[in-house]
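The structure under discussion appears below in the form of structure tokens.
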Amino acid sequence: SSSSSSSSSSSTIAARPSSAARGGSAEADLATHIINQTYRPPIAEYVHAELAALIREGWSSDPSKRPSAQDMLTRLEALRGSMEADAKRLRAYAREHALC
């Protein structure tokens, strides 16, 4: 006879056995948590603000609020261009001031 402590647990994941306990994987549990509870991992502070905003928009649980693939591509290309221009200015500044 085995007793289950899942009924006394206040876990955010469903009270049924984990997929690992059923022979699945922790990755499957995480996927279920992401889908059912809209879990989103934190975005690191060093991630460019525009990129972080695009990631958050893409994670919206409301599909009508998510950017289209074409919009994402356009915005990523613009961001890349902006970052490449910033890098070029920084390299020029470093050369002018003998920093590299």
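Read-outs throughout are calculated quantities, based only on the coordinates presented, and are distinct from any laboratory measurement. Bear in mind the structure is a predicted one, so any value in this text is a computation, not a measurement. Virtual Cβ from ideal backbone geometry, glycine too; neighbours counted across all protein chains shown.
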Roughly what would the spin-label model give for ARG89 and ASP29, points 7 Å off Cα along C-beta, in nm?
4.8
Ordered by packing density, taken as the mean number of other Cβ atoms within 10 Å over each peptide's residues, highest first, how do 59-70, 30-41 rank?
30-41, 59-70
Lys/Arg Cβ at +1, Asp/Glu Cβ at -1, dipole of region 51-100 taken about the Cα centre: which of THR74, TYR93, LEU54 is farthest positive-ward?
TYR93
